[in-house]
Amino acid sequence: MGSTLTTELPLGAAADARCAHCGLEATAGDARRVDGATYCCAGCETAASIIKQSGLGGFYALPERRASRVAPSGRSYAEFDHEAFHAAHVRALPDGLCEVQFYLEGVHCASCVWLVERVPMIVPGAVRAELDVTRAVARLAWDPQAVSLSALARALDQLGYRPHAFRGHRADEARKAEERAMLTRIGVAGAIAGNVMTIALALYSGIFSGMEREFERYFRWLSWILVTPALVWPGRTFFTSAFQALKNKRLHMDVPIALALALGYVQGAINTLRDGGPIYFDAVGTLIFLLLVGRYLQHRAQRSAADSAALLGALSPATARVVDGDAVKEVPSEAVLPGMTLDVRPGDTLAADGTVTRGTSSLDLALLTGESRPVRVGEGEKVFAGTVNLSAPLRVYVEEAGITSRLGRLLRDVEEGSRERPPVVLLADRIAGYFIAVVLVLAAITATLWWNRDVYFAIDNAIALLVVTCPCALAIATPLAFTVAVGRAAGRGILVKGAHSLETLTGRGTIFLDKTGTLTEGRMQLEAYDGPTELRGAILGLEQHSRHPVAAAFAQAWAEVAPREVAEYDETLGGGLRGRVDGRELTIGRPEWVLARSERVAERLQAAPPLDARLTPVLIAVDGEVVARAGFGDPLRSTAKAMVGELQAHGWEVRLLSGDAPQVVQAVAAALGIPAEQAEGGASPERKREAITAARAHGTVVMVGDGVNDAAAIAAATVGIAVRGGAEASMAAADVYLARRGVASLGELFAGARRTTSVIQRNMAVALGYNAISVAMAMMGILDPLFAAVLMPLGSVTVILATWRATTFPKGAA
């Protein structure tokens, strides 16, 4: 293979060039030209080299390609070769191969599918790759004797698709096995129904044009032989369910179905033996097939929320460093057990809950809670899985791991909540029970009314009534609407733990909003600076080495200022920064910390009025003299005012309940259009709970918050809502978690709840109206069992399709 010539391009040299791999502008300082092609970064160059060397240059001819830079993590993925990882995630195939599922970051479009599914052409030993682009889940098969799983993972990483263990694969396999069984039953029932209907058409044609007796007898017997397996195997589902319902002394919708199938089959068999009268085998076969199709569609709809929880879990840490004597070894997170000690380095994500036994650091809670401010932790303090260590090494004694950790419990709550049956669903079930009893009585009355005129006609009408009034549409109208809504909400970053929450949010009541992190950005923003302009570059030079929110706020406010070079740097957690810039000693931090390290304060600052009480002050000293100060505030979210107005327009009484200073809370309330008497500041956690409890005595109460001090109030509310940027305690207590930043999704939640209720009301009206018309037609004798079998599933299919097409929550990711 020939050598390649790689040239680093100077900054700005490729101003008009685009990356040959991702198509983005190659203007960054690390842009490079290789063999005449320009790349925006080393990651894109590596990915392109792998693709071309594997003979996959056709990738660049695809009409659509992902437009994002490739940023390999550089990880070895050695933990993927650990026996604990294989036990938890790898499935052995009969032919000696192994299979695993990964959640892939960076999946965007059809070109991603094209490239990922050609990984076997890139990695020798890889046998098969399939990518579900909608869920970004890849299924990979490989020969463990030829290649390691870690090598396969590194190849995906270098292509720009960082792999994570897909923790939902066991349940996914079980669901797929169940779906394969359902599809097999549908296929058998459909094949039989098609053949029996063909025979029925021949028999019906013979009524008008005549048919020889032996052919008619032959078709009758053939229909009986064909429909029997459909009743015994695919149709057994309905008889088993009906038997269990009667055994438990309750009426289930499968009771009239099983009765109609049994009556139709038995009467058809009798008429076949008698060689006269109608046979119902075509109706029986078609009914079984259409009912199974309807149930399969409903089953598919119920997968969304569980899938969302599994994909969220896939983003939690895959590995951990375990202290073993004097050594530290890296193991899969599944191998972490209570009693172990973890070595958590800066940048690591905690794999378990535990207590800090050594070290002091700050943690980023973004993955678990979305909290934007780092939290300081030290020896003896609790830390949780999913949080990221930012600044210093820690040793953590493991107390809870895996599904028993707080992150594991949260994901389990989301999945279990998707199966919760709200009051409106239970009401629909009770209505369906009474409805079935009425149907059975009406079927008996219909048979009695027509018996003296014609026995077979009476049986036909009774069977038709039982078939056409099957309460499938009525039974699925409510739960299907909730299931689809909860699944689509999860796709929009709105995790609804229980469908009852959507039902409650459709009404009116009182909604309490916390301020910090809920209505505000929950991040620091530079709002005041009093000091020399020429000092800004030195401040940025020192702050660029810190991960503190103050550093990010300085950088955002002074984006046009070039940072100066720093000769020395030191950071004191909870205090501030010290360093040497341009030969001068610079100190930045909390007022008391800076003053303790300074000799004097500039006269100009001594005479200056104090900063606004709502701002957080930071002092800057140069060579021992405090010469500048800065004030940082928490800006109001841009969508907050519109959201409050929308809630008020729909009849909700919006109140502000915050622990911040009363004057700050009143100012925020005025900006949002909330009356002063409905805004309360300085509220302790106990006071918040008292306010919620008192308001519940007068109706529905919704509490929206993000902090530990909101957890008790959220738990006490009719519906508690935790927003991203909040503490884990509030998430655990909440009925709904808004995973997207901002309050725009809060308005989307209420709007989606209202649309879901409209869908349910429409579904119920369709189901009841359909059944009322069908009962009248059957009792009047103008509906035979065949048409009843055709009409019956149409009601369920109509409800299913209407629910799927309804826009409860917008489809797709937010």
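The values are calculated or read from the model by the stated rules, or taken from the named source; none is laboratory data. Here the structure is a predicted model, which means the values were calculated and not measured. All Cβ positions, glycine included, derive from the backbone under ideal geometry; neighbour counts span all protein chains shown. SASA here: full protein model, heavy atoms, side chains in, ligands and nucleic acids out. Shrake-Rupley method; radii C 1.70, N 1.55, O 1.52, S 1.80 Å.
Just checking: which of the strands (runs of 3 or more DSSP E) contained wholly in region 357-404 hold 3 or more residues that are hydrophobic (A, V, I, L, M, F, W, C) and either modelled with pLDDT under 85 or open to solvent by less than 30 Å² (accessible area, probe 1.4 Å) (or both)?
394-401
Hey, residue 555 hits all of (1) surrounded by 18 or more Cβ atoms within 10 Å (Cβ to Cβ); (2) assigned to a helix (DSSP H, G or I); (3) of a type in the set (A, V, I, L, M, F, W, C) but one; which does it fall short on?
All conditions pass for residue 555, except number (1).
Just to confirm my filter: which strands (runs of 3 or more DSSP E) fall fully inside region 61-150 and include at least 1 residues that are farther than 27 Å from residue 320 by Cβ and open to solvent by 20 Å² or more (accessible area, probe 1.4 Å)?
Answer list for region 61-150: 126-132.
Can you pull out every residue in region 51-60 that is open to solvent by 30 Å² or more (accessible area, probe 1.4 Å) and either assigned to a helix (DSSP H, G or I) or touching a His at 6+ places or on another chain (Cβ under 7 Å) (or both)?
52, 53, 57, 58, 60
Report the residue count in region 605-635 for those that are exposed (fewer than 12 other Cβ atoms within 10 Å of the Cβ) and either touching a residue at least 40 places away in the same chain (Cβ under 8 Å) or hydroxyl-bearing (Ser, Thr, Tyr) (or both).
Within region 605-635, residues that are exposed (fewer than 12 other Cβ atoms within 10 Å of the Cβ) and either touching a residue at least 40 places away in the same chain (Cβ under 8 Å) or hydroxyl-bearing (Ser, Thr, Tyr) (or both) number 2.
Quick check on region 752-787: of everything there that is open to solvent by 40 Å² or more (accessible area, probe 1.4 Å) and β-branched (Val, Ile, Thr), which residue is modelled with the highest pLDDT?
Among those that are open to solvent by 40 Å² or more (accessible area, probe 1.4 Å) and β-branched (Val, Ile, Thr), it is 773.
Can we say residue 201 is within 20 Å of residue 291 (Cα to Cα), modelled with pLDDT under 90 and either in a helix (DSSP H, G or I) or open to solvent by 10 Å² or more (accessible area, probe 1.4 Å) (or both)?
no
Out of everything in region 313-335 that is in a loop (DSSP other than H, G, I, E, B) and modelled with pLDDT of 80 or more, what residue ends up being least open to solvent (accessible area, probe 1.4 Å)?
Per the criteria, the residue is 325.
Which pairs turn up if I take residues in region 210-224 that are open to solvent by less than 90 Å² (accessible area, probe 1.4 Å) and outside any helix (DSSP H, G or I) and look for partners that are modelled with pLDDT of 85 or more and among the aromatic types (Phe, Trp, Tyr) with beta carbon separation below 9 Å, at least 6 apart in sequence or on another chain?
As it stands, the answer is 211/219, since those pairs meet every condition given.
Which ones in region 636-669 are among the hydrophobic types (A, V, I, L, M, F, W, C), touching a helix residue (DSSP H, G or I) at 6+ places or on another chain (Cβ under 9 Å) and either surrounded by fewer than 17 Cβ atoms within 10 Å (Cβ to Cβ) or within 20 Å of residue 524 (Cβ to Cβ) (or both)?
Of everything in region 636-669, those that are among the hydrophobic types (A, V, I, L, M, F, W, C), touching a helix residue (DSSP H, G or I) at 6+ places or on another chain (Cβ under 9 Å) and either surrounded by fewer than 17 Cβ atoms within 10 Å (Cβ to Cβ) or within 20 Å of residue 524 (Cβ to Cβ) (or both) turn out to be 636, 640, 642, 668.
Quick one: in region 244-265, which of the residues that are farther than 15 Å from residue 440 by Cβ and touching a residue at least 12 places away in the same chain (Cβ under 8 Å) is surrounded by the most Cβ atoms within 10 Å (Cβ to Cβ)?
264
Among the numbered criteria (1) under 30 Å from residue 746 (Cα atoms); (2) touching a Gly at 6+ places or on another chain (Cβ under 7 Å); (3) crowded, with 19+ Cβ neighbours inside 10 Å, which single criterion is violated by residue 542?
The failed condition is (1).
Taking the options 511, 539, name whichever one is within 28 Å of the chain's Cα centre (by Cα) and of a type outside the set (Lys, Arg).
Answer to the selection: 511.
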